[in-house]
Amino acid sequence: MPLTVWILGDQLLSPHPALQSLEKQVLRQEIILLLIESREQAQRLPYHAKKLVLLYSAMRHYADGLRAAGYRVDYRVASNITEAITSHWQEFRPNRLVTMAASSVRGRRFQQSLAQKLGIATHIIPNSQFLSGVYDPLPDVEPGQLVRQEQFYRGMRRQFKLLMDDQGRPVGGTWNYDQKNRQPLPKDLTPPEMIRFEPDALTKQVMVEVGQFDHLTGSAAGFDLAVTREGAQQAADDFYTHRLPYFGTYEDAMRQSAPVIFHSKLAAYLNIGLLTPLELVRAAEGCYYDGTAEINNVEGFIRQVIGWREYMYWQYQRLMPGLGAENYWGSANPLPTFFWSGETRMNCLRQVIQRVLDAGYVHHIERLMLLSNFCLLADIHPDQVYDWFSSAFIDAYEWVMAPNVYGMGLYADGGQIATKPYIASANYINKMSDYCLACSFDKNKRTGEHSCPFNFLYWHFLLKHQDKLRKNYRMARMLHNLKFLDDDEKAAVQAQAQRFVGAMDN
Ligand SMILES: Cc1cc2nc3c(=O)[nH]c(=O)nc-3n(C[C@H](O)[C@H](O)[C@H](O)COP(=O)(O)OP(=O)(O)OC[C@H]3O[C@@H](n4cnc5c(N)ncnc54)[C@H](O)[C@@H]3O)c2cc1C
């Protein structure tokens, strides 16, 4: 009797853990590998066309690789997963189904329901796609207990012995290099061009198919991402060579003409299993020991991957489903329609939104300090922000989007994930980017004609939420500056913010 291994589309690991677990027990000929493209899942939101091309093309290439390795593969394009599994069952009559736990809560619930709902004997192996799925650095944390990313990160560094000396101390004598990092980009430094991958025949076929879906964000045209593990490894090598040496120093910098700056653009591959977190951080660590990248840059990257990424996954597993219903500020405004067109006079948002609509990618600081900063200051309802981010990005999946939007981006969880709300006025945007140079708004004006909306929205937010903000000692300096506004200016800020929000779509 055959046995089915169902491989989820975001678990394209080589080797796949479910196959590894069966290696010694079952002959390869007895295994049927099931991969499913569910059209219902693709319909859930107006996802970015390039994300679907990446996912479907990577799945089809992965299936081809398994066939070439001698496996029987049943690749189904179906209206939904239940239908695909049912028809697979009727056709192959396997005696059981083995699968790796999904990264999302919804996916896990579905897997757990299979045995009862469809009468299918199901064995779900633990998810080992994440390091924190294998090792929990904080196993004794109580529900509701506050945990900080730094605590989690140090536990991960120690466990995986990354940049640690023989005495268990961080190499270089400190855990972080923030003082060297977060510099604006000097005018004479031009970030390198990104590596591009010419679509092969299979990818072109997927682009045509996805091009026929009529509900998506952006376009499949111009797709230039890797779709295999080998391609993704090439993209990672390109990052280590050309951008890691500057990664930390300029990780907060923004520039209108350089969408990626020195970021890796690897999340899209990591999140579907074409790359694994440990291989990336080990390779980055190797660059430090080889002398090709300095410690502040390497530590900065390792922190993003085993600190922030793993921490977000860990918090997601801990805080869902409640996290997806949080609204600490009571925000209720609708997302302005310019998020779907890029048509706004604010140059920073216009550039960044147009880039998202085109490529499904902007780097972290633009996501945090432009897009979600604006949504937080303008009191946009968190669910609407969540849906937009989930739709528009090529690397968006529920486990990463929920903690980043409700937690880090909007602080809608009241501080369970981030230590403070990430809010800033035009002053920060101007310091870290060149967007204000080409903007018709005045970055220096708080109120009045041509004043930058980030300014009056920022002061309005501080005034409106000062009681809640006072509970957070990290906000003390920002609140202190309120004393420089007299009553007239406070009233003007509030009136202008309310007018602006009321007219956002006019
Ligand atoms: C509002 C908001 C929405 C976001 N949405 C997503 C998303 O849909 N998918 C996604 O993978 N990340 C998301 N992030 C986190 C982060 O912005 C992206 O991982 C990163 O920008 C991806 O680009 P990169 O690969 O060039 O990252 P780099 O800057 O090169 O960082 C290296 C890696 O670190 C990891 N990483 C860094 N920060 C985070 C973080 N906060 N959470 C998770 N992983 C992190 C990513 O895997 C990334 O590839 C979001 C952040 C915010 C504030």
*Just one of the numbered conditions (1) away from the ligand (no atom under 15 Å from the Cβ); (2) open to solvent by less than 50 Å² (accessible area, probe 1.4 Å) is not true of Asp290; which one?*
(2)
*Do we have Val501 as in contact with a His (Cβ under 7 Å, 6 or more places away or on another chain) and farther than 24 Å from Met254 by Cβ here?*
no
*Asp178 vs. criteria assigned by TED's automatic domain parsing to the domain that holds Cys287 and under 25 Å from Tyr240 (Cα atoms)*: yes
*How about the range 252-269: which of its residues are open to solvent by 20 Å² or more (accessible area, probe 1.4 Å) and either modelled with pLDDT under 95 or more than 25 Å from Gln179 (Cα to Cα) (or both)?*
Ser257, Ala267
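Of a type outside the set (D, E, K, R) and modelled with pLDDT of 95 or more: does that describe Leu27? So that I can check it myself, show each step before the final result.
Numbers: of a type outside the set (D, E, K, R): yes; modelled with pLDDT of 95 or more: no.
Spelling it out, it is not the case that Leu27 is of a type outside the set (D, E, K, R) and modelled with pLDDT of 95 or more.
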*asked:* Given the condition open to solvent by less than 30 Å² (accessible area, probe 1.4 Å), within 16 Å of the ligand (Cβ to nearest atom), of a type outside the set (Phe, Trp, Tyr) and not in a helix (DSSP H, G or I), answer yes or no: does some residue in the range 397-407 qualify?
replied: no
*Inspect all residues belonging to the range 331-349 and state whether any of them is within 16 Å of the ligand (Cβ to nearest atom), touching a residue at least 24 places away in the same chain (Cβ under 8 Å) and surrounded by fewer than 18 Cβ atoms within 10 Å (Cβ to Cβ).*
no
_Hits in the range 450-477 (condition: open to solvent by 30 Å² or more (accessible area, probe 1.4 Å), farther than 13 Å from Asp379 by Cα and assigned to a helix (DSSP H, G or I))_ = Gln466, Asp467, Lys468, Tyr473, Arg474, Ala476, Arg477
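For Ser132, are the conditions met, namely being under 30 Å from Gln41 (Cα atoms) and not in a loop (DSSP other than H, G, I, E, B)? Step through it out loud before you land on a result.
Details: under 30 Å from Gln41 (Cα atoms): yes; not in a loop (DSSP other than H, G, I, E, B): yes.
In short, yes.
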*asked:* Could you go through the range 383-390 and let me know if any residue there is more than 10 Å from the ligand (Cβ to nearest atom), open to solvent by 10 Å² or more (accessible area, probe 1.4 Å), within 28 Å of Leu479 (Cα to Cα) and assigned to a loop (DSSP other than H, G, I, E, B).
replied: no
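Kindly provide the set of residues from the range 424-480 that are of a type in the set (Lys, Arg) and closer than 16 Å to Lys490 by Cβ, ordered by number. First the steps, then the outcome.
Applying the first criterion (of a type in the set (Lys, Arg)) to the range 424-480 yields 431, 443, 445-446, 464, 468, 470-471, 474, 477.
If the condition is that a residue be of a type in the set (Lys, Arg) and closer than 16 Å to Lys490 by Cβ, then Lys445, Arg446, Lys464 are the ones that fit.
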*Within the range 409-422, tally of residues that are near the ligand (Cβ under 9 Å from one of its atoms) and either at pLDDT below 95 or open to solvent by 10 Å² or more (accessible area, probe 1.4 Å) (or both)*: 1
*Going by the conditions given, is Ala101 closer than 26 Å to Leu270 by Cα, touching a residue at least 24 places away in the same chain (Cβ under 8 Å) and buried (at least 21 other Cβ atoms within 10 Å of the Cβ)?*
no
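Restricting to the range 305-330, and then to whatever is among the aromatic types (Phe, Trp, Tyr) and not in a helix (DSSP H, G or I), can you tell me which residue is least open to solvent (accessible area, probe 1.4 Å)? Give the steps one after another, and end with the answer.
Residues of the range 305-330 among the aromatic types (Phe, Trp, Tyr): 308, 311, 313-314, 316, 328-329.
So of that shortlist, the ones also not in a helix (DSSP H, G or I) come out as 328-329.
On the way: Tyr328: 65, Trp329: 19 Å².
The extreme case among them is Trp329.
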*Assess whether Ala236 counts as being open to solvent by less than 40 Å² (accessible area, probe 1.4 Å), at negative phi, part of a helix (DSSP H, G or I) and not assigned by TED's automatic domain parsing to the domain that holds Met59.*
yes
*Exactly one of (1) near the ligand (Cβ under 10 Å from one of its atoms); (2) open to solvent by 10 Å² or more (accessible area, probe 1.4 Å) is unmet by Ile302. Its number?*
(2)
_Residue among Thr249, Thr276 that is more than 14 Å from the chain's Cα centre (by Cα), more than 12 Å from the ligand (Cβ to nearest atom), surrounded by fewer than 22 Cβ atoms within 10 Å (Cβ to Cβ) and of a type in the set (S, T, N, Q)_ = Thr249
*Could you give me the residue pairs with C-beta distances under 8 Å whose first residue belongs to the range 485-506 and is β-branched (Val, Ile, Thr), whose second residue is open to solvent by less than 30 Å² (accessible area, probe 1.4 Å) wherever it lies, and which are 6+ apart or on separate chains?*
Val493/Phe456; Val493/Trp459; Val493/His460; Val493/Leu463; Val493/Leu485; Val501/Ala378; Val501/Asp379; Val501/Leu457
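Taking the condition in contact (Cβ under 8 Å) with a residue 60 or more places away in the chain and more than 16 Å from the ligand (Cβ to nearest atom), does Ala438 pass? Explain how you work it out, then say what you get.
On the way: in contact (Cβ under 8 Å) with a residue 60 or more places away in the chain: yes; more than 16 Å from the ligand (Cβ to nearest atom): yes.
The answer is yes for Ala438.
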*Given the structure, is Ile365 within 14 Å of the ligand (Cβ to nearest atom), among the β-branched types (Val, Ile, Thr) and part of a loop (DSSP other than H, G, I, E, B)?*
no
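Go through the range 350-362 and count every residue that is within 14 Å of the ligand (Cβ to nearest atom), open to solvent by 10 Å² or more (accessible area, probe 1.4 Å) and part of a helix (DSSP H, G or I).
Here is the first cut: in the range 350-362, the ones within 14 Å of the ligand (Cβ to nearest atom) are 352-353, 355-356, 359-362.
Subset that is open to solvent by 10 Å² or more (accessible area, probe 1.4 Å): 355, 359, 361.
Now drop any that are not part of a helix (DSSP H, G or I), which leaves 355, 359.
Matching residues across the range 350-362 total 2.
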*Residues located in the range 17-43, provided they are crowded, with 20+ Cβ neighbours inside 10 Å and within 21 Å of Val206 (Cβ to Cβ)*: Leu33, Leu34, Leu35, Ile36, Glu37
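The values are calculated or read from the model by the stated rules, or taken from the named source; none is laboratory data. The shown structure was predicted, so the numbers you read here are calculated from the model rather than taken from an experiment. For neighbour counting, all protein chains shown are included, and Cβ atoms are generated from backbone atoms with ideal geometry for every residue, glycine included. The area values use the complete protein model at the heavy-atom level, side chains included, leaving out ligands, DNA and RNA. Shrake-Rupley method; radii C 1.70, N 1.55, O 1.52, S 1.80 Å.
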